[in-house]
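Report on the structure given below.
The values are calculated or read from the model by the stated rules, or taken from the named source; none is laboratory data. Owing to the predicted nature of the structure, the values given are computational and were not obtained by experimental measurement. SASA here: full protein model, heavy atoms, side chains in, ligands and nucleic acids out. Shrake-Rupley method; radii C 1.70, N 1.55, O 1.52, S 1.80 Å.
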Amino acid sequence: MVLILKLTARAGADNRLLQEDRKRVILVTGGAGYIGSHAIKALRRSGFEPLIFDNFSTGHRDFQGSTPLIEGDLSSPESLKKVFQQYRIDGVM
């Protein structure tokens, strides 16, 4: 599996974004599905902090494990706004 991540600075962010001593938070859409659950494992092994974003139309809650979970839908601007306000997200997959 090949993961391509693009880190972008937020408006008003300074150049220390990549120098901070914290795990990078990656929002994994569909993270409670089969493929998403494997992506979560790969991200953790690579030192990232995954965050599951799923509407559970086909995902499974038991795939969550200890990973933080936001129940929401990509087609809902309100759900997306909430998750980006609540977490400092560095990448989305």
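With the whole protein complex present, THR58 retains an accessible surface near 110 Å², based on a 1.4 Å probe. Using a 1.4 Å probe on the protein chains only, how many percent of the accessible area of region 17-70 belongs to carbon and sulfur? Here it works out to 52 percent. The listed residues VAL92, VAL83, once ranked by accessible area (1.4 Å probe) with the largest placed first, stand as VAL92, VAL83. Per residue, region 50-93 exposes an accessible area of 63 Å² to a 1.4 Å probe, with every protein chain left in place.
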